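Comments concern the structure below.
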Amino acid sequence: MLRYIIRRLLQMVLAFFGTTLIVYYMMFQASGDPIQALAGEKPVNEAVRAKLTAEYHLDEPFLVRYWYYVKGLLTGDLGNSLSGGRPIAEVLAERWPTTANLALYAFIFVVILGVGAGVIAGIRRGGIFDNTTLLLTLVVIGIPSFVLGLTLQLGLGVKAGIFPVTYMEERDGQFGLILPGFILGSLALATAVRLTRTSVAENLRADYVRTAKAKGLAKRRITIVHVLRNSLIPVVTFLGIEIGNLMGGAIITEGIFNVQGVGFELKKAIDIEDGPMVVSIVSILVVIYLLANLLVDILYAVLDPRIRYE
Amino acid sequence: MSDFETVAATENHAATPGPAGEPGAPGQPDNTSKVRSLAGDAWHDLRRKPIFIISSLIILVMVVMAAFPTLFTSADPRSCELGRSMKGPSGDAIFGYNLQGCDVFARTVHGASTSIQVGLYSTILAGVLAVVIGMLAGFYGGILDAILARIIDIILGIPLLLAAIVALKGAGKGEGYWGPLLLIVFILGIFGWTTAARIVRSSVISAKQQDYVHAAKMLGASNSRIMVRHILPNAMAPVIVVLTIALGAFITAEATLSFLGVGLQDPIISWGKDISEAAKRVRDNAVPMLVPSTFLSLTVLSFIMLGDAVREAFDPRLR
C-alpha cells in the first residue's frame, strides 16, 4: 500500500510540473508587452520599465521565469491582476466560498439523484424506469451545459418565475443556488446514473450474489449489503474526480447566472484580457483537479485491494 | 475502460458465433447454417434500433446542411439590417431576425458547416494521434510505453475546456476564415486524443497476444506490417466508437468556447457565438437563442446516441 502511494505521489509531482509547464508556456506565448499592458495607453519611461523588468524577471529565459511562476504558485503568491492591480490570491480567496457552495449543491444532486436513480435502474434493468432514465441521461449528456443552463434559465426563471434569473447573494440566499447547482451537476449526474446502473447490474449477476441467494438471504439484504457495497466502488472514484471537474465547469454556470465565484472571475478575466488572472485561475483549477485524482486513486486502493497489485 | 477491452477481445473471436447470436430470437437466420461475424451481428442489431436510425438521419441532414446550405435557405446569413432587428417570424424568415437584423434560420443553417467541420477535423487529428501513439505504446511496451503513459497523464491533467481557453488566449486569433477555424481544430485535437489513445493501447495489447499475430511473426512479417495489417483492423472498433462520441464533445467544446468569447469570431458563423449574443436579449425575443440551441443540441446528441448504440451492439455483455 505504501509503495503504491509513493509511486502515485511521484506521478502526481511529474503531472504537476508537466501541466503547469504547458499552461505557463501557453501564457508565455500570449504576453506581448506586459509592462505596456500595465500602463495602458500612457508611454512608459525607461527607469520604470527597467525596474518592472527586473521585478517581474522579464529579461530572464523561459525556464527561469517558469521557475518563479511555480514558486509563486506553491507559496500562494500569484502576483497582481492587470485590472485594478489587486493580488490575485486575495481575489480568489474572496471568490472561493461561493464556488465551493455551488459545487456542493451540484454534488448533492449528483449523489442523491444520480446514484439513487442508477441503483433503481440497475436493479430493474430493462424495465420502463431503466429505459426512460437511460434515454434521459443521453439527452442530458448530449445537450451542451450552456444550452441547458440558458434554456432552464429561460423556462424556469424568466417565464415561470420559480427560480431567480440571476443570482444575488443578499436577495436570494441559498435558494438562488439550487438551479445553477443542478445545471453544474447535470453532466456528472447523468454519467453517475449510467455508471451506477452498469455497476449494479453487473454485480447482481456475480457468483457471490447467487451464493447469497442460495443461502436464503432476503433480497433486500443482498441488495443493500452485498451488491451496493461492491457496486459503489467505481462510483466513488468517479464522484471524486468530478469534484475537480465541477470547479472547472463553474465558468459556464456562474457566467450564465451571474454567481460571483471563481468561474465568474475567470470569465471576466477572459473578457477583459487579463492574462495573469486567467493563467492563475486555470493553474489552481488544474492543481485541484490533480489533487482530487490523487485522493481518488488512493481511496480506490483502500476500497479495492486488487488495484494495489497491478 | 474494461468495456472497450471486452469489445476488442470479442472482436478477435469474430469467426465464432459469440453469445450475441441468441438462437431462437425472432427474425434471425439460423446460426448453425451461417456464421455471422461480430460486426455483421452488430449491424443486424443496429438496423432495427430506432435510436440508431434517428441519430443517423439527423447526422445525415446536418452533413448535407453543412455541405449545401443553400438547399435549405436562400437568405444570406451575413446580410443584416438593423431596421428589422428582433422582428418575429414572417414569410421571409421563418424564425424572424436577431438583434443585428440577420435572418436567424439562415445563420443557423450556415452555422452547421462550422460545427461539422470543427468536429470532423478535430476528430481526425485526435484519431490519428491516438492510433499512432496508442499503437506504439501498446505494441512496443517497455520504456516507450512508460514515457507515453506519463505524457497522457499530463495532458489528461488539464481539463479540455480550460486548456483550450488558455491556448486560445495564447495563440492569438488567426487570419481569415481558415486561420481561426484550424487553430481551434488544432487545439482541440492536441488536447483531446488522450482517452482514445488509452483505448487503442489496451486493445493493441490484447490483440498482440493473439495466435494470428504470433503466426504472422513466425512467418517473418515485419513489425510495421503486423501493426498495420493485423493488429490495427482488429483494434479499430472500440476506438471508432469513442471517436464518434468525441466528435460530439468537440462540437460542444467549440460552441462553448465561442459562447465564452474565446472561440470563433466574425465572419465565421458559429452556433455558440450566436447563442451567446441572443442570450443577452432573451427577455425580448427567445427565438434567436432557441433555434441555434436546438440545432446544436440535436447534432451533439445524435453523435453521442450513435456512438452509444454502436458500442452497445458491439458489446454483447450489455444486452
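The values are calculated or read from the model by the stated rules, or taken from the named source; none is laboratory data. Keep in mind it's a predicted model, so treat the numbers as computed, not measured. Positions of Cβ are generated from backbone atoms using ideal geometry, with glycine treated the same way; all protein chains shown enter the neighbour counts. Accessible surface areas use protein heavy atoms only, side chains included; no ligands, DNA or RNA. Shrake-Rupley method; radii C 1.70, N 1.55, O 1.52, S 1.80 Å.
Brief remarks follow.
Each row is one residue, and each column tells you yes or no for (1) away from every other protein chain (no Cβ under 14 Å); (2) in contact (Cβ under 8 Å) with a residue 24 or more places away in the chain.
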| site | (1), (2) |
| --- | --- |
| B:200 | yes, yes |
| B:204 | yes, yes |
| B:214 | yes, no |
| B:219 | yes, no |
| B:229 | yes, no |
| B:237 | yes, yes |
| B:245 | no, yes |
| B:249 | no, yes |
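- Test for residue B:284: is it over 18 Å from the mean Cα position of the chain (by Cα), more than 9 Å from every other protein chain (Cβ to nearest Cβ) and part of a helix (DSSP H, G or I): no
- Count of residues meeting criterion [over 18 Å from residue A:118 (Cα atoms) and among the β-branched types (Val, Ile, Thr)] in the range A:204-226: 2
- Scanning the range A:159-167 turns up one or more residues that are within 14 Å of chain B (Cβ to nearest Cβ), surrounded by 13 or more Cβ atoms within 10 Å (Cβ to Cβ), outside any helix (DSSP H, G or I) and among the aliphatic types (A, V, I, L, M).
- Only residues that are closer than 26 Å to residue A:271 by Cα, not in a helix (DSSP H, G or I) and not acidic (Asp, Glu) were counted across the range A:57-96, and they come to 12.
- Residue match in the range B:124-147 (condition: assigned to a helix (DSSP H, G or I) and within 23 Å of residue B:295 (Cα to Cα)): yes
- Some residue of the range B:146-160 being under 22 Å from residue B:268 (Cα atoms) and within 14 Å of chain A (Cβ to nearest Cβ): no
- Qualifying residue in the range B:203-224 (condition: at negative phi, part of a helix (DSSP H, G or I), within 22 Å of the chain's Cα centre (by Cα) and modelled with pLDDT of 85 or more): yes
- In the range B:95-139, the residues that are of a type in the set (Gly, Ala, Ser) and closer than 19 Å to residue B:68 by Cβ: B:106, B:111, B:112, B:113, B:115, B:119
- Answer from A:75, A:99, A:132 - the residue that is surrounded by 14 or more Cβ atoms within 10 Å (Cβ to Cβ) and not hydrophobic (A, V, I, L, M, F, W, C): A:99
- Residue A:204 falls short of the stated requirement of being in contact with a Lys or Arg (Cβ under 9 Å, 6 or more places away or on another chain), within 10 Å of another protein chain (Cβ to nearest Cβ) and among the hydrophobic types (A, V, I, L, M, F, W, C).
- Here residue B:275 fulfils each of the conditions (1) in contact with a Ser or Thr (Cβ under 7 Å, 6 or more places away or on another chain); (2) open to solvent by 20 Å² or more (accessible area, probe 1.4 Å); (3) facing another protein chain (nearest Cβ under 9 Å); (4) aliphatic (A, V, I, L, M) apart from (2).
- Taking the criterion of being in a helix (DSSP H, G or I), within 13 Å of chain B (Cβ to nearest Cβ) and under 16 Å from residue A:205 (Cα atoms), the only residue of the range A:122-142 that qualifies is A:122.
- Checking residue A:276 against (1) in contact with a Lys or Arg (Cβ under 8 Å, 6 or more places away or on another chain); (2) within 12 Å of chain B (Cβ to nearest Cβ); (3) over 28 Å from residue A:148 (Cβ atoms), the condition it does not meet: (1)
- Residue within the range A:208-224 that is crowded, with 24+ Cβ neighbours inside 10 Å and either farther than 25 Å from residue A:156 by Cα or without any contact (Cβ under 8 Å) to a residue 40 or more places away in the chain (or both) present: no
- Note on the range A:226-260: residues that are among the hydroxyl-bearing types (Ser, Thr, Tyr) and either within 27 Å of residue B:278 (Cβ to Cβ) or within 11 Å of chain B (Cβ to nearest Cβ) (or both) total 1.
- Remark: pairs (first residue in the range B:290-309, within 8 Å of chain A (Cβ to nearest Cβ) and more than 13 Å from residue B:115 (Cα to Cα); second residue open to solvent by less than 10 Å² (accessible area, probe 1.4 Å) and of a type in the set (Lys, Arg); Cβ separation under 8 Å; 6+ apart in sequence or on different chains) are absent.
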